[in-house]
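Written out below as structure tokens is the structure these notes cover.
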Amino acid sequence: MGENESIKTRLFVVEDLSRDVIEAFGYHFKIDPSFFREHIVDYAWYNTSDWWRDPPNLDIVSRNQNWFQLRFVRARNFLTAQLFQDGVEESKKFNVFRRLDRDFNSNNFWDKHDKEEAKVGLTRSRATCWIQVPEQEGGITYGILLLDPTIKAGNPLWLKYRNWAKTPPVGETPPKDSTPPSDNFFEDFIYWAKKPDNFNLQEPVNSSSPICVPTQVLLHLVCTEWLTMVDYIKTRLNQVDWGIAFPDDFLEKEEQIDEHLTKLHHWRRVVPLYREMIAETFLRVFRETAHPNRMHPGRNIHEQAPKPASALGPLMDTDCINAYQQDFALVLGYMEEFQNRIDRLTDVVTAVINMGDSRRGYKDNKNLQWLTWLATFFIPLSFVATLLSMTTDPIDQLGPITRLWAIIAVPSGLTIMIVVGVFSVAKWRRAIRKFWTDFPWVGERRPFKPKRT
């Protein structure tokens, strides 16, 4: 690799890690294999039989590594089910393991597009950056940034982020290259890394930290993705809330109120994972080990706290990363709020379902009451039919048989009604039970003698 004395920083940006990249960079720069291994897979959890699971690393060990990683989520809109399936198949062809998941929150009322239901896919992504500081002063700083590929099917949610370029004054011709790339995370990073002046810093870029610009651009893009996810989760939870309050207006005829539980279950499963990913960013980038509001109990939050070393050690006291800590703290606070709101909505949906079951039970009892009156109406008809079927003789000879039926049936019916009435009264039931247990039986033997403890 040729060296140019005028160049002080070399950054290699890689889209979709491959074996050739691992062998080439790993051999030339003597890179720790864990740098590539951390970027390959992205599982929320592992089975007990997954032998490829990378064991967790202690912070005292990871702080000495010369690389860091950002985890984030990217949302993508698909106008048709076929486009979503194309995106799923496309993600399976990546060299790294990334999966396009549906959010189970699509609704014909909210997401209908040309008579077809649109879908939103969520992909957990990673950006891993390796930095090699020169051993001698004035040497070249090398960096390797691994980015995930972008799915071509569909389009970014809400048609991507805003243009961060400064708005030209009225009447001034805008620059020709003022339009950001259409849709590609790799191209976005390259485009904005060439325009560091578009990021409003309170102090000029620290020339002693050549990795300031790429780190800032990466944090800018990742934080924007997180803020987009915050708006999206807020939108879905509001839709669930409206569906609970006004089911006749915001639920389709084929939908039931209990389908909200499926939607809430998805967020109850992934929001804690998103919170964990953001907390990991605080640890690896900002070197904060807890929630920013509870980082150092008993200490003035405006005082500077000592932070352990990391791959971003030269940037710890610059706006390159400190300017984004407040935004990441805002995202973390939203995730905590969403967790509490999801639990409350789950309780509300469960209560609404129970109320609906109670109403249906009440209607069933009303229907059973009408059936009882209908059966009562047929009692005399059945009685007459029984009398007429007791003999085949003419009707004028039915008298003796009727008297015999009355002598047997009436006392039997009255006896059964009295027994049922007695046992239906709690007072009589307790009296019979007491008589049965306390009567002085012969030989002091009782049929149901209670056991003594």
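The values are calculated or read from the model by the stated rules, or taken from the named source; none is laboratory data. Computed from a predicted structure; not experimentally measured. Heads up, the Cβs are rebuilt from the backbone with ideal geometry, glycines too, and the neighbour counts pull from every protein chain shown.
Does Ser125 satisfy the criteria of being in contact with a strand residue (DSSP E or B) (Cβ under 9 Å, 6 or more places away or on another chain), assigned by the TED database to the domain that holds Phe29 and at pLDDT 90 or above?
Answer is yes for this residue.
Residue-by-condition table, conditions (1) among the small types (Gly, Ala, Ser); (2) on the phi < 0 side of the Ramachandran plot; (3) in contact with a strand residue (DSSP E or B) (Cβ under 7 Å, 6 or more places away or on another chain):
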{"position": "Val14", "(1), (2), (3)": "no, yes, yes"}
{"position": "Phe35", "(1), (2), (3)": "no, yes, yes"}
{"position": "His39", "(1), (2), (3)": "no, yes, yes"}
{"position": "Asn57", "(1), (2), (3)": "no, yes, no"}
{"position": "Arg71", "(1), (2), (3)": "no, yes, yes"}
{"position": "Gly87", "(1), (2), (3)": "yes, yes, yes"}
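Let me spell it out: the conditions are (1) of a type in the set (Lys, Arg); (2) farther than 22 Å from His220 by Cβ; (3) part of a strand (DSSP E or B), and Lys152 meets all of them except one. Which number is the exception?
Checking Lys152 against (1) of a type in the set (Lys, Arg); (2) farther than 22 Å from His220 by Cβ; (3) part of a strand (DSSP E or B), the one that fails is (3).
Give me a count of the residues in region 87-102 that are outside any loop (DSSP other than H, G, I, E, B) and either of a type outside the set (Lys, Arg) or touching a residue at least 24 places away in the same chain (Cβ under 8 Å) (or both).
Filtering region 87-102 for residues outside any loop (DSSP other than H, G, I, E, B) gives 87-92, 100-102.
Then drop every residue that is not either of a type outside the set (Lys, Arg) or touching a residue at least 24 places away in the same chain (Cβ under 8 Å) (or both), which leaves 87-91, 100-101.
Matching residues across region 87-102 total 7.
Could you list, ordered by first residue, the pairs with Cβ atoms under 8 Å in which the first is in region 341-359 and farther than 15 Å from Lys234 by Cα and assigned by the TED database to the domain that holds Ile244 and the second is acidic (Asp, Glu) and exposed (fewer than 14 other Cβ atoms within 10 Å of the Cβ), at least 6 apart or interchain?
Val349/Asp258; Ile353/Asp258
Select from region 274-291 the residues that are at pLDDT 75 or above and loosely packed, with under 15 Cβ neighbours inside 10 Å and write down the one among them that is nearest to Asp347 (Cα to Cα).
So the residue we want is Glu276.
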